[in-house]
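These notes concern the structure reproduced below.
The values are calculated or read from the model by the stated rules, or taken from the named source; none is laboratory data. Note that the structure is predicted; figures quoted are calculated from it, not measured. Positions of Cβ are backbone-derived with ideal geometry, glycine not excepted, and every protein chain shown enters the neighbour counts.
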Amino acid sequence: AQKITQTQPGMFVQEKEAVTLDCTYDTSDPSYGLFWYKQPSSGEMIFLIYQGSYDQQNATEGRYSLNFQKARKSANLVISASQLGDSAMYFCAMRGVSGNTGKLIFGQGTTLQVKP
Amino acid sequence: DTGVSQDPRHKITKRGQNVTFRCDPISEHNRLYWYRQTLGQGPEFLTYFQNEAQLEKSRLLSDRFSAERPKGSFSTLEIQRTEQGDSAMYLCASSLIAENTEAFFGQGTRLTVV
């Protein structure tokens with residue numbers, strides 16, 4: 001069975017500083033993808049970044065980077081230069097290849113608050 | 001195309017009533033997913049379609065729930081005889097089939113059963 005664990009229910013960060021949101025996963029699939037989504041109070045899930053299990057380099061998208069440590073089964077999201085608009089719920093998710101359904105398994109989420 | 005849209009955004013219903021939600025995916029996306037999200041939790045997978053075929057249903061999807069995607073375009077999720085435990089945000093997402101592509105989510109339908 002696949003599982004995503006996010007152990008930080010809430011995080012605070014000062015504006016303009018960097019913050020790391022933790023994510024560990026468990027899967028028996030040899031190939032899988034890891035995703036991070038942002039969910040503001042409006043409710044919509046916004047895709048941030050993707051990391052494939054066979055990707056050699058850590059993914060980056062603007063201010064977002066993914067610290068992927070395959071042996072440790074962790075996929076932490078790093079947000080650099082935090083902005084007030086980054087305050088939201090953040091979800092780590094995994095998609096396995098077996099069954100080829102494309103469904104995502106989500107963690108419990110981390111609430112990030114950026115302080116001015 | 002403006003993305004995935006869901007209707008209604010909010011629904012309040014009395015226990016025992018039936019409700020139906022609609023999702024319009026991104027037009028070129030083959031796959032369509034329904035998720036349920038309760039307060040403070042991550043979304044949980046309910047069911048998914050590839051084109052018009054419903055290929056997987058979660059154990060969370062009791063027999064009071066039914067989903068359709070006629071002609072492989074929009075989808076509907078119906079809940080019959082609603083219960084208070086059905087109160088949640090219902091999220092729809094769509095994606096291409098490729099493994100490394102993200103799913104795009106709608107803004108969700110928040111259901112409150114009173």
Selection within segment A:26-37 - surrounded by fewer than 20 Cβ atoms within 10 Å (Cβ to Cβ) and either closer than 16 Å to residue B:42 by Cβ or touching a Leu at 6+ places or on another chain (Cβ under 8 Å) (or both): A:26
Return yes when residue A:50 is free of Cβ contacts under 8 Å to residues at least 24 places away in the same chain and either assigned to a strand (DSSP E or B) or surrounded by 18 or more Cβ atoms within 10 Å (Cβ to Cβ) (or both) and no when it is not. yes
Given (1) within 11 Å of chain B (Cβ to nearest Cβ); (2) surrounded by 17 or more Cβ atoms within 10 Å (Cβ to Cβ); (3) small (Gly, Ala, Ser), residue A:42 misses just (2)
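Give the number of residues within segment A:97-116 that are surrounded by fewer than 21 Cβ atoms within 10 Å (Cβ to Cβ), facing chain B (nearest Cβ under 7 Å) and modelled with pLDDT of 90 or more. Spell out how you get there, then give the answer.
Step one: filter segment A:97-116 for residues surrounded by fewer than 21 Cβ atoms within 10 Å (Cβ to Cβ), giving A:97-101, A:108, A:111, A:113-116.
Right, trim to facing chain B (nearest Cβ under 7 Å) and you get A:97, A:101, A:108.
Restricting the remaining residues to those that are modelled with pLDDT of 90 or more gives A:108.
Of the residues in that region, 1 qualify.
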Do you know which of the residues in segment B:58-76 that are in contact with a Leu (Cβ under 8 Å, 6 or more places away or on another chain) and over 22 Å from residue A:46 (Cα atoms) is farthest from the other protein chains (Cβ to nearest Cβ)? B:66
Restricting to segment B:77-114, and then to whatever is of a type in the set (Gly, Ala, Ser) and in contact (Cβ under 8 Å) with a residue 60 or more places away in the chain, can you tell me which residue is farthest from the other protein chains (Cβ to nearest Cβ)? B:94
From A:86, A:55, residue being among the charged types (D, E, K, R) and buried (at least 17 other Cβ atoms within 10 Å of the Cβ): A:86
So for segment A:12-25 (the condition being part of a loop (DSSP other than H, G, I, E, B), without any contact (Cβ under 8 Å) to a residue 24 or more places away in the chain and farther than 20 Å from residue B:31 by Cβ), does at least one residue qualify? no
Being buried (at least 18 other Cβ atoms within 10 Å of the Cβ) and either of a type in the set (Val, Ile, Thr) or within 19 Å of residue B:36 (Cβ to Cβ) (or both) is the filter here, so list the residues in segment A:1-25 that pass it. A:4, A:6, A:13, A:19
Please count how many residues of segment A:25-35 are more than 10 Å from every other protein chain (Cβ to nearest Cβ), touching a strand residue (DSSP E or B) at 6+ places or on another chain (Cβ under 8 Å) and not polar (S, T, N, Q). 4
Condition first: more than 9 Å from chain A (Cβ to nearest Cβ) and exposed (fewer than 15 other Cβ atoms within 10 Å of the Cβ). Now tell me which residues in segment B:37-50 satisfy that. B:38, B:39
